[in-house]
1. For the pair residue 180 and residue 95, what calculated FRET efficiency results from E = 1/(1 + (r/R0)^6), where r is the Cβ-Cβ distance and R0 = 41 Å, to the nearest 0.05?
2. Stretched out fully, how many nm does the piece from residue 81 to residue 55 gain, at 0.36 nm a residue minus the Cα gap?
3. Tell me, what is the 1.4 Å probe accessible area of residue 175, in Å² to the nearest 10?
4. By accessible area of protein heavy atoms, probe 1.4 Å, what ranking do 54, 73 get, highest first?
5. What number, in percent, do you get for the relative contact order of the chain if the mean sequence gap of Cα pairs under 8 Å and at least 6 apart is divided by its residue count?
6. Name the residues whose placed amide hydrogens come within less than 5 Å of the amide hydrogen of residue 141, ignoring near sequence neighbours (fewer than 5 apart) on the same chain.
7. In segment 37-125, which GluC sites (Glu not before Pro) are in a loop and have at most 13 other Cβ atoms within 10 Å, using DSSP for the loop call?
8. I need the phi-derived Karplus couplings for segment 85-102: 6.51 cos²θ - 1.76 cosθ + 1.60, θ = phi - 60°, integer Hz, Gly and Pro marked x.
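The values are calculated or read from the model by the stated rules, or taken from the named source; none is laboratory data. All of these numbers come straight from a predicted model, not from anything done at the bench. Backbone-built Cβ (ideal geometry, glycine too); neighbour counts: all protein chains shown. Just so you know, the surface numbers come from the protein's heavy atoms only, side chains and all, with ligands and any DNA or RNA stripped out. Shrake-Rupley method; radii C 1.70, N 1.55, O 1.52, S 1.80 Å.
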Amino acid sequence: MRAGFPDFRLGNVLATSFTGTLSERHGDAVERIPTPHRLIDWLAVNGLAVDSCTTAQLDLARELRESIHAAATAAAIQDALPASAVQVINDCSSQGRAAAILTPEGKRRWRLSSASCVEDALSVIAADAISIIAGERDGKLALCASPTCQAAFFDTSQSRTRKWCDMNTCGNRQKKARFNANQRKKPRSAE
């Protein structure tokens, strides 16, 4: 990881993890891929390593990220999917060259060729978004209960009642705020 940048918030679902590269959307937004090299880092951490990235490719990645966020948010609240977001996701999905491979552990992984570019990696992310937004995977899209976050996430918990995109960040912050508010309400004992 490159020093001086905020840590990545990595999840189990590629598409929603990618939308998490912009967090606190309704507060003080935190951009986690501010430079082309930072996008290269994120892709590598997620098994989609590429050698280079231009500013135009970074712009495309951010456009895909925002399109996935818009479509996933609409799906989570059972609203109509924004046509422009659907178009970006479909365009990115169809433009890439990646192959699904089966690991010895029985898992699906994506393989990019040595000549792969950012668009190939983005096609994998777009395909992942399509599978969760279309309801092809076991789980449900939900929105983070944090008023400053409201990120779309894919809930695979048994009860499908998860409230936070990430318990280590949004969940803990909300629990701490609730605890502090309760502490202020308690009458202080005379010492």
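1. It comes to 0.25.
2. On the way: separation 26, 0.36 × 26 = 9.36 nm, distance 2.80 nm.
Here the segment from residue 81 to residue 55 would lengthen by 6.6 nm.
3. Accessible area, nearest 10 Å²: 100 Å².
4. Working: 54 70, 73 35 Å².
Heavy-atom accessible area, descending, gives 54, 73.
5. Values: 277 pairs, mean separation 39.3, N = 191.
The normalised contact order for the chain reaches 21 percent.
6. Counting only residues 5 or more places away or on other chains, the set is 155.
7. 105
8. Computed from phi, the couplings for segment 85-102 are 5, 4, 4, 4, 4, 5, 4, 5, 5, 7, 8, x, 10, 9, 10, 7, 10, 9 Hz.
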